[in-house]
Ligand code: DC
């Protein structure tokens with residue numbers, strides 16, 4: 001069955017890793033919508049543009065030569081920028097420009113077009129509320145800022161990046177504040193989302209829990 005799965009939540013809640021594993025397990029395609037806002041931020045950084053300038057950011061979003069590959073790579077003008085969009089500068093710029101209505105309209109339309117046929121896992125902030133309000137299953141992942149800081153620190157250490165725990169914690173708190181208080185599509189669970197607090201859970205445990213909902217709703221009936 002071709003269902004769509006929406007996974008929302010704050011930064012560093014493990015959304016992307018979890019969405020990726022679930023996509024492989026259930027033969028779905030993973031679309032990391034945060035990476036699309038990051039790609040706009042990357043282009044803005046290349047052009048030395050201010051992310052708070054709505055017109056300039058909307059112009060980039062409308063004309064972005066972006067390709068999101070089925071295996072999760074982000075291509076800009078056919079160049080793989082997947083690793084270049086994962087740093088604190090781009091994270092912050094993406095969060096700033098994602099406030100703009102015109103940018104959101106453009107990226108949301110693109111996301112809806114991509115996932116229109118079903119069979120997708122989308123992760124982001126507004127998937128259950130705005131992008132796919134009819135998604136068959138909506139999950140909202142939360143975790144304490146302490147747990148998220150710990151996870152992001154391990155992620156950076158694994159990549160050999162030197163960022164202090166204090167810097168990561170400050171970035172997470174600042175971004176959460178910005179993403180959840182903006183006027184346009186703020187981060188919040190959809191009314192029909194299942195909320196999972198992952199603070200004390202391993203990635204495997206979260207995957208097992210979401211899998212149990214998927215199996216119950218979609219797999220059993222279609223065996
Ligand atoms: O999920 P992420 O950390 O890669 O997202 C980067 C920024 O993009 C995030 O701070 C807010 C924004 N974003 C958004 O507004 N809506 C989405 N669906 C996904 C991300």
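Only the coordinates and a few stated rules stand behind these numbers; no lab work does. Predicted model only: the values in this text are computed from it and were never measured. Glycine gets a Cβ as well: all are built from the backbone with ideal geometry, and neighbour counts include every protein chain shown.
Values computed for the structure shown
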{"quantity": "Condition check for residue 83: free of Cβ contacts under 8 Å to residues at least 12 places away in the same chain and assigned to a loop (DSSP other than H, G, I, E, B)", "calculated": "yes"}
{"quantity": "Any hit, segment 6-17, residues being in a helix (DSSP H, G or I), in contact with a strand residue (DSSP E or B) (Cβ under 6 Å, 6 or more places away or on another chain) and more than 10 Å from residue 120 (Cα to Cα)", "calculated": "yes"}
{"quantity": "Residues of segment 181-200 satisfying the condition of being out of contact with any strand residue (DSSP E or B) (no Cβ under 9 Å at 6 or more places or on another chain) and either within 16 Å of the ligand (Cβ to nearest atom) or closer than 15 Å to residue 22 by Cβ (or both)", "calculated": "181, 182, 183, 184, 185, 186"}
{"quantity": "Filtered residues of segment 97-123 (kept if surrounded by fewer than 22 Cβ atoms within 10 Å (Cβ to Cβ), in a loop (DSSP other than H, G, I, E, B) and out of contact with any strand residue (DSSP E or B) (no Cβ under 8 Å at 6 or more places or on another chain))", "calculated": "99, 116, 117, 118"}
{"quantity": "Given (1) under 16 Å from the mean Cα position of the chain (by Cα); (2) more than 12 Å from the ligand (Cβ to nearest atom); (3) part of a helix (DSSP H, G or I), index of the condition residue 30 fails", "calculated": "(3)"}
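Listed here are the residues, each with its yes/no results for (1) more than 29 Å from residue 162 (Cβ to Cβ); (2) out of contact with any strand residue (DSSP E or B) (no Cβ under 9 Å at 6 or more places or on another chain).
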| residue | (1), (2) |
| --- | --- |
| 59 | yes, yes |
| 62 | yes, yes |
| 74 | no, no |
| 78 | yes, no |
| 89 | no, yes |
| 95 | no, yes |
